[in-house]
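Q: Next up is a structure, given as structure tokens.
Coordinate-derived values only; no laboratory data. Only a predicted model underlies this, so the values are computations on that prediction, with no experimental measurement involved. Here the Cβ is made from the backbone with ideal geometry for all residues, glycine too, and neighbour counts use every protein chain on show.
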Amino acid sequence: MKSTLSPERTELKERWSEFKVTNPKTRIRDAAKELNTTEAELVATGVGENVTLLAGDFRELIKEVGSLGHVMALTRNDHVIHERKGVYEKVSFNNHVGLVLGEDIDLRLFLGDWKFGFAVSENDRHSLQFFNSFGDATHKIYLTEKSNKEAYDAVVAKYSAPDQDINLVIAEKTPKPAESETVADIDKSAFQAEWLALKDTHDFFTLLRKYNLTRKQALRNAPEGYAYRITPESMKPVFEAASEDQLPIMVFVSNPNCIQIHTGPINKIFVMGPWLNIMDPEFNLHLRQDAIDEAWVVRKPTEDGVVTGIELIDKDGTMFNQFFGKRKPGVPELPEWPALIERSVSRL
């Protein structure tokens, strides 16, 4: 069934078409902000033409993505874009929490607010795109020249909504309250003692909740030597050192609905405008350096020894990017990783 656009959506479709002509290089997420709308609403203007509205259980759909073969997984937030090529393997779900644990595609999925799904064709580029109730992209899957297009078509046909007439109802975001950098009533000694007693890096989130601390507040109250600030400009020399040493690293990018992880070496690094880029054949990262309000080196004890990470935090206090040396549960971190950090970063 062909979609019928409301007058409001017809007007948005026209504005979007004009915008693309005059701003061909602007990413759709940024375009949505300039047009005072959401990315999901911009994509939806193509329903009935180059866009198909998807319906059904997105968990079952994700389980079928492996049939597409080699694809590109894209997860982003406002400040960083993570693109990783590979095959969706070892896909599992526990209610609305999913795991993709392939050799290349490594994801944590939180499907509780995957509200909208679309199949999109743009100049022979085919993708599956998912959005939350606020109209923000949660995760995208692009075909590559190695993908199985017939399998993609079969998945789109299977999950195509019977009614392609769409009127997106977008939820309004509640502004995040400004956070205080200091905490008046924390039992600092108890907090530090529990930090030093951590057994798993994932327990850090529980620790923050227990003491009602934001990320920045926690890092400012860390045990001596377990967190220190570095300059945002430190990331380029860290990337370059990892490339030069061919030291495999882990790159985490998250939004509220998905975490995407790259594990492996990195090679081609360059800056273009505000963007610090990694541009390798199977992995791309685009990081807005001017979005880094604070950068920290953070050390957390685990049963396998101390794990050292770099955390990037924006002006709203949201941690949006993390970096580690390659490791797996039961295996200590590579000693070369903290050594690389020490010689590459500039402390504040």
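Q: Report, in whole Å, the centroid distance computed from the Cα atoms of segment 84-151 and segment 165-205.
A: Cα centroid to Cα centroid, the span is 27 Å.
Q: I'd like the Kirkwood hydrodynamic radius of the chain, using the inverse of the mean 1/r over distinct C-alpha pairs, in Å.
A: 21.7 Å is the Kirkwood radius here.
Q: Can I ask one more? Measure nothing fancy, just the Cα-based angle from helix 7-22's long axis to the longest principal axis of the chain, in degrees from 0 to 90, nearest 10.
A: Between helix and principal axis, roughly 70 degrees.
Q: Anyone know which of L143, L196, L285 comes out most mobile in the 10 Å Cα GNM of the chain?
A: Most flexible of the set in this elastic network: L196.
Q: Per residue of the chain, what 222 nm ellipticity follows from adding -39500 (n - 2.57) for every DSSP H run with n ≥ 4, rounded to the nearest 500?
A: -7000 deg cm²/dmol
Q: While we're here: Compute the acute angle (0 to 90°) between the alpha-carbon long axis of helix 149-159 and the principal axis of greatest extent of the alpha-carbon atoms of the chain; round to the nearest 10°.
A: 80
Q: For an R0 of 45 angstrom, estimate the FRET efficiency from the Cβ-Cβ distance between T206 and K20 and round to the nearest 0.05.
A: 0.50
Q: Given Cα pairs under 8 Å that are at least 6 residues apart, what percent is the relative contact order of the chain?
A: Computed over the chain, the figure is 17 percent.
Q: Is the shape of segment 33-90 rounded, prolate or oblate, going by the alpha carbon gyration tensor and its root eigenvalues a ≥ b ≥ c, with a/c under 1.5 for rounded and a/b larger than b/c for prolate?
A: Here segment 33-90 falls in the oblate category.
Q: From the Cα gyration tensor of segment 186-338, with a ≥ b ≥ c the square roots of its eigenvalues, which class applies: rounded if a/c is under 1.5, or else prolate if a/b is larger than b/c, or else oblate?
A: prolate
Q: In the Gaussian network model of the chain, springs joining C-alpha atoms below 10 Å, which of V183, V43, V251 carries the largest mean-square fluctuation?
A: Comparing V183, V43, V251 in a Gaussian network model of the chain, the most mobile one is V183.
Q: What's the FRET efficiency of S160 with K236 using the Cβ-Cβ distance as r and R₀ = 30 Å, to the nearest 0.05?
A: 0.10
Q: Using Cα atoms only, what is the angle between the long axis of helix 235-245 and the major principal axis of the chain, expressed in degrees (0 to 90) to the nearest 10?
A: 80
Q: Now, a different point. Assuming a ≥ b ≥ c are the square roots of the Cα gyration tensor eigenvalues, decide whether segment 261-348 counts as rounded (a/c under 1.5), prolate (otherwise, with a/b larger than b/c) or oblate.
A: oblate
Q: Another one. Just to be sure I follow the definition: excluding the sites themselves, where is the longest run in the chain that has none of the trypsin sites (Lys or Arg not before Pro) in a DSSP loop with at most 13 other Cβ atoms within 10 Å?
A: 200-267
Q: Next question, about the same structure. Once you've got the Cα coordinates, tell me which of K20/K115; K236/K268; K188/K328; K115/K315; K20/K149; K85/K149 are over 19 Å apart.
A: Long pairs (Cα-Cα over 19 Å): K20/K115; K188/K328; K115/K315; K20/K149.
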